[in-house]
Amino acid sequence: MDAIVFLGIQGSGKGTQAKLLSELTGFRHVNIGELLRMQIHNGSDSGNLVKETITRGELVSDEMAISLIAKESNQASNGIIFDGFPRTQAQALVLLSKYNLLRVYYLDLSEEDAVERLSARRTCQNCGETYNLTTYRPKVENTCDSCQGLLFQRPDDEPEAIRKRIAEFFRQTHKLKDLFIQHGLLVAVSANASIDQIAEVIRQDVKSILPR
Ligand code: AMP
């Protein structure tokens with residue numbers, strides 16, 4: 001199965017760009033954070049454990065992340081766009097061995113900018129759309145523009161959890177950049193440009209790997 005990965009610090013815009021690229025390519029967008037949040041809603045013991053882990057800003061186990069991804073990959077599609085996977089070396093090695101990895105887009109954002117973006121982020125509890133209270137406000141306060149769902153602040157977007165998540169990023173995820181450079185797969189894009197500008201850079205690059 002062909003796969004494309006979005007890698008980057010929390011708040012760098014992986015979800016936004018993964019969604020746009022999915023619309024362009026027809027590849028399925030797989031957002032592992034969203035899959036985990038769905039598990040929480042089923043109220044099972046494992047869901048409660050996931051909730052505690054995520055709220056603390058820690059990563060779930062590699063076993064859980066890898067098995068969730070394996071289930072998703074069984075569904076038919078032209079290819080997959082991974083958003084939030086891999087986050088550890090073990091996950092990256094599974095990806096390299098089981099998928100035809102076409103590209104890894106690294107969205108480059110400073111730690112300071114990431115903290116600022118996450119603190120201002122609000123998420124729709126209904127459809128998952130994200131807003132930013134500084135740069136991308138909803139038209140009506142606390143209300144999603146697309147589905148009128150209520151906006152909330154994810155518990156892991158609160159200061160203590162943000163610090164933990166960013167520390168985990170630098171401890172486990174950042175070094176995957178070098179691994180993918182060694183495999184000739186990494187394309188780094190500045191995450192400070194506008195959503196459209198970033199999408200355009202990616203659109204141009206994707207033409208070289210998916211000639212249509
Ligand atoms: P995200 O929505 O991508 O920020 O992910 C939310 C949370 O889900 C993370 O802070 C982790 O607790 C967990 N998570 C997401 N992706 C992974 C992964 N690949 N491996 C382990 N935990 C993950």
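The values are calculated or read from the model by the stated rules, or taken from the named source; none is laboratory data. Since the structure is predicted, the reported quantities are computational estimates derived from the model, not experimental observations. Backbone-built Cβ (ideal geometry, glycine too); neighbour counts: all protein chains shown. Areas reflect the complete protein model, heavy atoms only, side chains present, ligands, DNA and RNA absent. Shrake-Rupley method; radii C 1.70, N 1.55, O 1.52, S 1.80 Å.
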| message | Please return the ranges of helices (runs of 4 or more DSSP H) entirely within region 5-109 where 2 or more residues are more than 20 Å from Arg203 (Cβ to Cβ). | response | 32-41, 45-56, 62-73, 89-98
| message | Of the residues Lys164, Lys177, only one is open to solvent by 60 Å² or more (accessible area, probe 1.4 Å) and either part of a helix (DSSP H, G or I) or more than 13 Å from the ligand (Cβ to nearest atom) (or both); which? | response | Lys164
| What is the residue count in region 58-89 for residues that are open to solvent by 70 Å² or more (accessible area, probe 1.4 Å) and hydrophobic (A, V, I, L, M, F, W, C)? | 1
| task | Looking at (1) without any contact (Cβ under 8 Å) to a residue 60 or more places away in the chain; (2) surrounded by 14 or more Cβ atoms within 10 Å (Cβ to Cβ); (3) within 25 Å of Glu158 (Cβ to Cβ), find the lone condition where Thr55 falls short. | result | (1)
| request: Looking at (1) away from the ligand (no atom under 16 Å from the Cβ); (2) assigned to a loop (DSSP other than H, G, I, E, B); (3) not charged (D, E, K, R), find the lone condition where Val187 falls short. | output: (2)
| query | In region 1-11, what residues are crowded, with 20+ Cβ neighbours inside 10 Å and farther than 11 Å from Tyr105 by Cα? | reply | Ala3, Ile9, Gln10, Gly11
| request: Tell me which residues, restricted to region 76-100, are touching a residue at least 24 places away in the same chain (Cβ under 8 Å) and more than 15 Å from the ligand (Cβ to nearest atom). | output: Ser77, Asn78, Gly79, Asn100
| message | Can you confirm whether Arg37 is modelled with pLDDT under 90, near the ligand (Cβ under 10 Å from one of its atoms) and crowded, with 17+ Cβ neighbours inside 10 Å? | response | yes
| query | Taking the stated definitions as given, is Arg117 within 22 Å of Ile195 (Cβ to Cβ), part of a helix (DSSP H, G or I) and either in contact with a strand residue (DSSP E or B) (Cβ under 6 Å, 6 or more places away or on another chain) or open to solvent by 10 Å² or more (accessible area, probe 1.4 Å) (or both)? | reply | yes
